[in-house]
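So the structure is just underneath, and the comments pick up after that.
No value in this document is a laboratory result; all are computed from the given coordinates. These numbers come from a predicted model, not from an experiment. Cβ placement follows ideal geometry from the backbone for every residue including glycine, while neighbour counts extend to all protein chains displayed.
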Amino acid sequence: MSSSTSTSVANSSFARRPVFPFTAIVGQEEMKLALMLNVIDPKIGGVMIMGDRGTGKSTTIRALADLLPEIEVVADDPFSSHPTDPDLMSDEIKQKLEQGEPIAVARKKVQMVDLPLGATEDRVCGTIDIEKALSEGVKAFEPGLLAKANRGILYVDEVNLLDDHLVDVLLDSAASGWNTVEREGISIRHPARFVLVGSGNPEEGELRPQLLDRFGMHAEIRTVKEPALRVQIVEQRTEFDQDPKTFLEKYQTQQDALQEKLVGAQERLSLVKIDYDLRVNISQVCAELDVDGLRGDIVTNRASKAIAALEGRTEVTVDDIRRVIGLCLRHRLRKDPLESIDSGYKVDKIFSQVFGLAEAEEPMQNGASVRR
């Protein structure tokens, strides 16, 4: 093999490092479900994952990004603009299309962008070269991490240690789908629609309630306690590290099936309906839990539709709502220092009362849950 060939092989293997398969991840069902629902409907508003260190948070997020199919983008565009959807393309591309200019289309993997803890606002949002703008009369913009994350996943580890102002900027972009940079009277905007995933360890401090409320869902993860399960996780990781190619081949069928399921859910989402009475009950749960604002109602409705789409249905059921309502509301409850009750249990208790269901899981009869 010539030296140039060996270099190109080395570069390609470096560029496409093997990623642990999503379907091989054991446990942490709550986190996996919340991430999948946000991929189906990014308007849910992201996930905040709180839990112990070393529980595979970043492994799971990277695995999900790798599982997703390639997306169509405008070639050589720094914002990964969509070739046909105006909401997902930059103003420059929009202008070219309006003027009838041809644009080249390429395919690329969904990006997972890691936001480093010490990142500055310029690094995140991008910068405008004022000197060039004034002297040459052009909008010289250096894109930041938000540009790179458009149509992908933006992961912020230890988000509770990040500067509050920066968290605000991220949440604003995630909610609006646009990032606007203004310097010295010059304004530039670009699409920034991404799934925002934050993670943190409660021991290192809580996120302020008004910022926590802006995350669509809140998943709690714990270290696996069962010895047999721990051994299985360790063995899987060892097997993957020793021979990634063989390990990936073993899970390829499951990966393909889940990818197909997620794509089908994205396409089905717009057809999913939620009955008026169920929407009223969701709002009643939010009211009885004294949840501030309407974000809780909106996110629960969206997540319920997403889970129905994931299960291949176009009608939301009570069970769909039950599976997501804790994830959507537990972080929005007011903290009572004298209360030891787990917030997830509190949500489930009120849900059961409002929907007229048994509070604790009762034995199944004829395949259906018992109602009181």
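Given Cα pairs under 8 Å that are at least 6 residues apart, what percent is the relative contact order of the range 99-210?
With pairs under 8 Å counted, the relative contact order is 28 percent.
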What does the extension gain come out to for Gln210 and Leu161, with contour length at 0.36 nm per residue minus their alpha carbon separation?
16.1 nm
Angle, helix 3-15 long axis vs. longest principal axis of the chain, Cα atoms, 0 to 90°, nearest 10?
40 degrees
Let me have the 222 nm mean residue ellipticity of the chain computed from DSSP H runs of 4+ only, each contributing -39500 (n - 2.57), with the sum over all residues rounded to the nearest 500.
-14500 deg cm²/dmol
Taking a straight Cα-to-Cα line shorter than 14 Å from Lys225, and setting aside same-chain aspartates and glutamates fewer than 8 residues away, one finds Asp52
Anchor Lys335: lysines whose Cα lies under 16 Å away (excluding residues fewer than 8 positions away in-chain)
Lys346
Any idea what Rg and Dmax come out to for the range 26-89 if you just take the C-alpha atoms, in Å?
14.6, 42
Given a 10 angstrom Cα cut-off, can you work out which residue in Gly296, Gly326, Gly264 is the most mobile in a GNM of the chain?
Gly264
Please give the helix 164-176 orientation as an angle from the longest Cα principal axis of the chain, in degrees from 0 to 90, rounded to the nearest 10.
90 degrees
Sticking with the crude label model, points 7 Å out along Cα→Cβ, report the distance from Glu29 to Lys273 in nm, one decimal please.
3.0 nm
Take Lys250 and Glu203, extend 7 Å from each Cα along the Cα→Cβ direction, and tell me the distance between the two endpoints in nm.
3.1 nm
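Could you put Met31, Met112 in order, starting from the residue whose Cβ has the fewest other Cβ atoms within 10 Å?
Working: Met31 26, Met112 22.
So the residues, fewest neighbours to most, are Met112, Met31.
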State the answer as a single residue: which of Val280, Val324, Ser352 lies farthest towards the positive end of the charge dipole of the range 270-355, with beta carbon charges of +1 for Lys and Arg and -1 for Asp and Glu, about the Cα centre.
Val324
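Rank these for me by crowding, Ser199, Ser81, Ser176, going from fewest to most other beta carbons within 10 Å. Present the calculation step by step, with values, prior to reporting the outcome.
Working: Ser199 24, Ser81 27, Ser176 13.
Lowest count first: Ser176, Ser199, Ser81.
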Between Ala104 and Thr238, what is the label-point separation in nm under the 7 Å Cα-to-beta-carbon projection?
4.8 nm
Setting aside same-chain residues fewer than 8 positions from Lys96, which lysines have a Cα under 27 Å from its Cα?
Lys108, Lys109, Lys132, Lys139, Lys148
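How many percent of DSSP beta bridges within the chain run antiparallel, rounded to 5?
Given both bridge residues lie in the chain, the antiparallel proportion sits at roughly 45 percent.
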Looking only at Gly344, Gly118, Gly200, which one moves most when the chain is put into a Gaussian network model with springs between Cα atoms under 10 Å?
Gly118
Springs between alpha-carbon pairs under 10 angstrom, Gaussian network model over the chain: which of Ala63, Ala228, Ala306 fluctuates most?
Ala228
Let me have the relative contact order for the chain, percent, based on Cα pairs under 8 Å that are six or more residues apart.
19 percent
Using 0.36 nm times the number of residues separating Asp168 and Thr120, minus their current alpha carbon distance, what extension gain do you get?
16.0 nm
Quick one: which residues, 5 or more positions from Ile221 or on another chain, have an amide H under 5 Å from its amide H? H modelled 1.01 Å from N in the peptide plane, none for Pro or chain starts.
Met50, Gly51, Asp52
